[in-house]
Amino acid sequence: MDVTYKIHINADYYRTLIDRYYEQRPFVFQLPVQFGFLALVAASLFVSAMDTSLGIKVAIAVIFAALIFFGGVAVTKWGIYQRFRYRADFGTDATVTISEMGLVADGRHVQGKWDWAAYPRAVRYPDGIMLLRRGVIRWLPDSAIVVGKPEDATALARSKSAIRELT
């Protein structure tokens with residue numbers, strides 16, 4: 001029942017990892033919610049501080065809020081991606097095998113073994129599994145499976161971690 005992944009660690013991998021990480025966060029900690037709240041507060045302060053007609057205030061506030069909302073989400077994801085992009089393993093391949101015993105990872109810049117206790121939480125997405133612990137994320141996309149099936153990976157994660165399903 002082992003499942004082996006051959007993961008190409010590139011821009012697509014990290015962008016998906018970032019997106020999936022924020023999707024599984026509680027509602028108030030998701031980026032659009034955080035920047036939406038910030039945009040609403042900033043626009044409200046901006047409108048109250050301006051001394052012009054209401055129509056102009058609203059138009060400028062909407063533009064200002066949109067810039068904060070969309071720009072904030074995009075710049076935050078871009079900044080996180082930049083941090084990952086300069087890691088030594090960027091552009092390389094890694095092989096990760098999950099089994100009853102735990103996880104084994106092997107690549108040019110990573111070799112390690114972890115018990116399942118190292119990943120007490122998991123999230124199942126339609127396209128993969130994310131294993132989590134405080135400060136550590138491991139994204140295992142279904143498209144990278146070379147041995148086993150996604151159902152086997154889900155069963156392993158379910159038997160060893162508290163798993164949540166997001167579809």
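Here, each number is a calculation from the coordinates, and none is a lab measurement. Nothing here was measured: the structure is a model prediction, and the numbers come from that model. Cβ coordinates were reconstructed from backbone atoms using ideal geometry, including for glycine residues, and neighbour counts include every protein chain displayed.
Tabulated results
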| item | result |
| --- | --- |
| Counted residues, the stretch 19-42 - those being free of Cβ contacts under 8 Å to residues at least 24 places away in the same chain, assigned to a helix (DSSP H, G or I) and touching a Phe, Trp or Tyr at 6+ places or on another chain (Cβ under 7 Å) | 1 |
| Filtered residue count, the stretch 11-65, keeping only those that are among the small types (Gly, Ala, Ser) and under 30 Å from Tyr86 (Cα atoms) | 2 |
| Single residue of Ala59, Ala155 found to be farther than 29 Å from Leu31 by Cβ and either part of a helix (DSSP H, G or I) or touching a Lys or Arg at 6+ places or on another chain (Cβ under 8 Å) (or both) | Ala155 |
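Yes/no matrix, rows are residues, columns are (1) surrounded by 14 or more Cβ atoms within 10 Å (Cβ to Cβ); (2) within 23 Å of Asn10 (Cα to Cα):
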site: Ala59; (1), (2): no, no
site: Ala74; (1), (2): no, yes
site: Gly79; (1), (2): no, yes
site: Ala105; (1), (2): yes, yes
site: Glu151; (1), (2): no, no
site: Ile163; (1), (2): yes, no
